[in-house]
Each structure stands twice: as structure tokens, then as C-alpha cells.
Amino acid sequence: MEDCIFCKIAKKEIPSHVIYEDDEFIAFLDIMPNTRGQALVIPKEHLGGYAFDLQDDDYNQLMLASKKVAKLLDDKLNPKRTCLVIEGFDVDHVHVKLYPIKEGYLKPGLGPKASDEELETIRKEITGE
């Protein structure tokens, strides 16, 4: 879609802090994180905004890509676990949110906006660059 911010991120038309990419999916750090290292996994193709309307194969591939990114976050950021949420109210482009949780619990809502410097530091920590 022409005006979809996630489509623009997938096409590299606007900057993001990418931590994973393959032919069909891209994962990047959330600019409004609730937890350090919070990431989004999106299909590069605009498949609509509601995960449960996806074709089974598209849904399964999204979950497998999300699992890869969650394991990457587990390995590099060492949380107690990484939580997965699919809600998609803010952007009408299906996406998975991954929350690396160190302790306690996840607080609902958006966190404070992270600086580009903070996001870049975390991206380098995850990608090993």
C-alpha cells in the first residue's frame, strides 16, 4: 500500500533499525518500546492488517519468522523469555510484536520514544555489527 509506513520500511524508503531480514520478512526495533529490544516482525508484502485473516501458509511463515527473531533476541539480550503479541491496531499491516522480558511483567501501552542512538546500540548488540 502506498501510504503504509510498514510497507515503506520493508522497501527501505524510510529508515529503521533492522535486526533480521530474509526474502519475505523484516524485523526491526520498535521506536516506542515498552521493553529494551522490543521488535516488530512484518511480512514485506502487505497482506492486510488482521493476522487471523491470513492464509494458513502466510500465518505459519509469519510465526516461523517471529520464532527466529525471538530466538535471536533470547541469544543476544538474555531475557527471561521473549513474549509475542499480535494486535495491529496502530498500523494496518499485519505485524508481530516481540517483547524481551528481563523481569517482572509487561506493562500495556506504548513506552517512551527511544532515541536513534539507543536503538542503534541495541541493533548492533543483536546483529553483532
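The values are calculated or read from the model by the stated rules, or taken from the named source; none is laboratory data. Everything numeric in this text was worked out from a predicted model, so none of it was measured. So basically every Cβ, Gly included, is an ideal-geometry build from the backbone, and we count neighbours across all protein chains shown. Ligands, DNA and RNA are excluded from the accessible area calculation, which covers all protein heavy atoms including side chains. Shrake-Rupley method; radii C 1.70, N 1.55, O 1.52, S 1.80 Å.
Computed quantities for the displayed model
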read-out: Residue list for the range 35-50, restricted to those being in a loop (DSSP other than H, G, I, E, B) and either closer than 17 Å to GLU117 by Cα or without any contact (Cβ under 8 Å) to a residue 40 or more places away in the chain (or both); value: THR35, ARG36, GLY37, GLN38, LYS44, GLU45
read-out: Complete set of residues in the range 18-30 that are in a loop (DSSP other than H, G, I, E, B) and open to solvent by less than 70 Å² (accessible area, probe 1.4 Å); value: ASP22, ASP30
read-out: Only one of PRO43, PRO33, PRO15 that is open to solvent by less than 20 Å² (accessible area, probe 1.4 Å) and either in contact with a strand residue (DSSP E or B) (Cβ under 8 Å, 6 or more places away or on another chain) or at negative phi (or both); value: PRO43
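Conditions (1) within 26 Å of LYS124 (Cβ to Cβ); (2) of a type outside the set (Asp, Glu); (3) touching a strand residue (DSSP E or B) at 6+ places or on another chain (Cβ under 6 Å), marked per residue:
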{"site": "ALA51", "(1), (2), (3)": "no, yes, no"}
{"site": "ASP57", "(1), (2), (3)": "no, no, no"}
{"site": "SER66", "(1), (2), (3)": "yes, yes, yes"}
{"site": "VAL91", "(1), (2), (3)": "yes, yes, no"}
